[in-house]
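**Student:** Please find one structure pasted underneath; my questions will follow.
The values are calculated or read from the model by the stated rules, or taken from the named source; none is laboratory data. Note that this is a predicted model, so its numbers are computed, not measured. Cβ sites come from the backbone with ideal geometry, for glycine too, and all protein chains shown count toward neighbours.
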Amino acid sequence: MRIAMIGLGTVGAGLARLIDAQGPRLREQTGRSFELAAVLVRDPRKPREAPLPPGCVVTADPEAFFAAASGATADVLVEVAGGAAPGRGFALRALRAGMHLVTANKAMLAAHGAEVAAAAQQAGRELFFEASVCGGVPVVAALARAVPPADRTGLLGVVNGTCNFILSAMAERGTPYASALAEAQRLGYAEADPTFDVSGRDSAEKLAILASLAAGRAIQADWVATTGITGVTPAHLAEARAHRCAVRLIAAARIDGPRAALRVGPAFTPLDHPLGRLSGPQNGLAVRAEPMGEVFLSGPGAGAGPTASAVLSDLRLLGSGGPGTPFPTTTASRADITPLEEPGGGIRWLSGDGR
Ligand code: NAP
Ligand code: HSE
């Protein structure tokens, strides 16, 4: 399988290393070889720890990139660069040029997912996006493929590794906020602009994607009532400790027929709740649907290894001829979306954070 890739940062370089290391095994499993044919970056002179095969074109010019991808008859575009607007343009162009799309770009999906999914359908190409939510935890596969449709679905999760890392470091090691954020950036957990993490926007984008899958209609991140962690103080952490709780950035949704209530915000989370026990960059998601009951998934939510693994798992599915991940092509009505009042599970939103 010939791969054209946009982005060679934390995730892209991680994927290049994985393809290099796992190539023979992938060929055994799928009967196909996986090779990077062209890579688009912003600065091709930047030093990188990314093994690229001889002949792989690396460029900062989108025209040269798409020409090289088409010359190499690339089968798939892997988009691991980020940004809603450039991501939309790259996705639509690749699909119309006959490539499948594997993306980690949650900002793009949470704003333009329905349009891109419709373009994929129209072009007869597959769309995969496991890496867009919760890094190495297969929550997209679980919601899109395993959880049966239900009239009512509840989602309750910690879906941002950077914020969980910061809140854990502040509470468990007494690390100041700024140092914890700098460490999360150094470890490759944070977005290129970490404001997306700490403002809660990244969690809102992920919650919008998960809620879209559960509702069968695209829900936009802009519609999610969102508070970040910048207002969390040592006093909040002490209050949490006194009540046998941790402060966690909670993303929660309740989907009921055509209506959905959603919210992202810091919350007192009991230590005997699975979300209260998540530490460092771990993510977790509880999915409740009737008559299935509740399923809980947790694991590494950010960083090169987990996220590149999720991208590779999508590539392997594609290489084996598997169908893409269904994303709704119709959009929910804005009037049906409201802020969620209580998250449930004994979890309480922090007071005094602007709500
Ligand atoms: P990153 O380390 O900042 O890397 C971004 C890469 O994309 C860089 O190589 C950059 O080029 C390139 N790039 C950015 N904008 C571009 C543009 N307009 N045209 C061409 N190239 C462009 O980011 P990352 O952490 O790998 O994240 C990439 C994507 O994966 C984002 O959508 C992010 O939300 C998502 N994601 C990340 C993680 C994680 O743990 N890091 C987990 C899940 C999903 P230069 O290197 O030349 O600057
Ligand atoms: N910045 C994101 C996080 C990357 O910290 O969760 C994973 O999507």
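**Student:** Give the range 278-302 a look and list any residue that's part of a strand (DSSP E or B), aliphatic (A, V, I, L, M) and surrounded by fewer than 23 Cβ atoms within 10 Å (Cβ to Cβ), or say none. Quick ask: steps written out before the conclusion?
**Tutor:** Step one: of the range 278-302, the residues part of a strand (DSSP E or B) are 282-289, 293-300.
Within this subset, residues satisfying the condition of being aliphatic (A, V, I, L, M) are 285-287, 289, 295, 297.
Result: 286, 289, 295, 297.
**Student:** Right, next: Among the candidates 113, 135, single out the residue that is in contact with a Pro (Cβ under 8 Å, 6 or more places away or on another chain) and assigned to a helix (DSSP H, G or I). Spell out how you get there, then give the answer.
**Tutor:** Working: 135 fails: assigned to a helix (DSSP H, G or I).
So the residue among 113, 135 that is in contact with a Pro (Cβ under 8 Å, 6 or more places away or on another chain) and assigned to a helix (DSSP H, G or I) is 113.
**Student:** Could you please tell me which pairs satisfy a Cβ distance under 7 Å, a separation of 6+ or placement on different chains, a first residue in the range 120-135 that is farther than 26 Å from residue 203 by Cβ and polar (S, T, N, Q), and a second residue that is more than 10 Å from ligand 1 (Cβ to nearest atom) and assigned to a loop (DSSP other than H, G, I, E, B)?
**Tutor:** Within 7 Å, the pairs are 121/329.
**Student:** Another question, then. I'm trying to understand the selection: among the residues of the range 228-243, which are touching a strand residue (DSSP E or B) at 6+ places or on another chain (Cβ under 7 Å), assigned to a helix (DSSP H, G or I) and not aliphatic (A, V, I, L, M)? Reasoning before the result, please.
**Tutor:** First pass over the range 228-243, keeping only residues touching a strand residue (DSSP E or B) at 6+ places or on another chain (Cβ under 7 Å): 229, 232, 236-237, 240, 243.
Checking the rest, the ones that are also assigned to a helix (DSSP H, G or I) come to 236-237, 240.
Within the range 228-243, just 236 meets the criteria.
**Student:** Of the numbered conditions (1) within 8 Å of ligand 1 (Cβ to nearest atom); (2) touching a helix residue (DSSP H, G or I) at 6+ places or on another chain (Cβ under 9 Å); (3) free of Cβ contacts under 8 Å to residues at least 24 places away in the same chain; (4) among the small types (Gly, Ala, Ser), residue 83 satisfies every one except a single condition; which is it?
**Tutor:** Going through (1) within 8 Å of ligand 1 (Cβ to nearest atom); (2) touching a helix residue (DSSP H, G or I) at 6+ places or on another chain (Cβ under 9 Å); (3) free of Cβ contacts under 8 Å to residues at least 24 places away in the same chain; (4) among the small types (Gly, Ala, Ser) one by one, residue 83 breaks only (3).
**Student:** Name every residue in the range 282-305 that is away from ligand 2 (no atom under 16 Å from the Cβ) and either of a type in the set (Ser, Thr, Tyr) or within 17 Å of residue 255 (Cα to Cα) (or both), in order of residue number.
**Tutor:** Step one: of the range 282-305, the residues away from ligand 2 (no atom under 16 Å from the Cβ) are 286-296.
Scanning the range 282-305 gives 286, 287, 288, 289, 290, 291, 292, 293, 294, 295.
**Student:** Hey, does the range 205-217 have a residue that's of a type in the set (D, E, K, R), within 16 Å of ligand 2 (Cβ to nearest atom) and either in the same structural domain as residue 161 (by TED's automatic domain parsing) or crowded, with 22+ Cβ neighbours inside 10 Å (or both)?
**Tutor:** Narrowing the range 205-217 to residues of a type in the set (D, E, K, R): 205-206, 217.
Still in the list and also within 16 Å of ligand 2 (Cβ to nearest atom): 205-206.
Those left that are additionally either in the same structural domain as residue 161 (by TED's automatic domain parsing) or crowded, with 22+ Cβ neighbours inside 10 Å (or both): 205-206.
Yes - at least one qualifying residue is present in the range 205-217.
**Student:** Do we have any residue at all in the range 286-304 that's over 30 Å from residue 261 (Cα atoms) and not aromatic (Phe, Trp, Tyr)? Break it down into steps so the answer makes sense when it comes.
**Tutor:** So in the range 286-304, the residues over 30 Å from residue 261 (Cα atoms) come out as 304.
Those left that are additionally not aromatic (Phe, Trp, Tyr): 304.
So far as the range 286-304 goes, yes, one or more of its residues are over 30 Å from residue 261 (Cα atoms) and not aromatic (Phe, Trp, Tyr).
**Student:** Starting from residues that are under 23 Å from residue 258 (Cβ atoms) and in contact with a Gly (Cβ under 8 Å, 6 or more places away or on another chain), keep the ones in the range 305-329 and report whichever is surrounded by the most Cβ atoms within 10 Å (Cβ to Cβ). Outline the logic, then answer.
**Tutor:** Going through the range 305-329, the residues under 23 Å from residue 258 (Cβ atoms) turn out to be 325-329.
Checking the rest, the ones that are also in contact with a Gly (Cβ under 8 Å, 6 or more places away or on another chain) come to 327-328.
On the way: 327: 23, 328: 17.
That would be 327.
**Student:** If residue 246 passes every condition in (1) more than 19 Å from residue 339 (Cβ to Cβ); (2) assigned to a loop (DSSP other than H, G, I, E, B) but one, which one does it miss?
**Tutor:** If we test residue 246 against (1) more than 19 Å from residue 339 (Cβ to Cβ); (2) assigned to a loop (DSSP other than H, G, I, E, B), just (2) comes out false.
**Student:** Between 64, 68, which is among the small types (Gly, Ala, Ser) and either touching a Phe, Trp or Tyr at 6+ places or on another chain (Cβ under 6 Å) or buried (at least 20 other Cβ atoms within 10 Å of the Cβ) (or both)?
**Tutor:** On the way: 64 fails: either touching a Phe, Trp or Tyr at 6+ places or on another chain (Cβ under 6 Å) or buried (at least 20 other Cβ atoms within 10 Å of the Cβ) (or both).
Unique residue meeting the criteria: 68.
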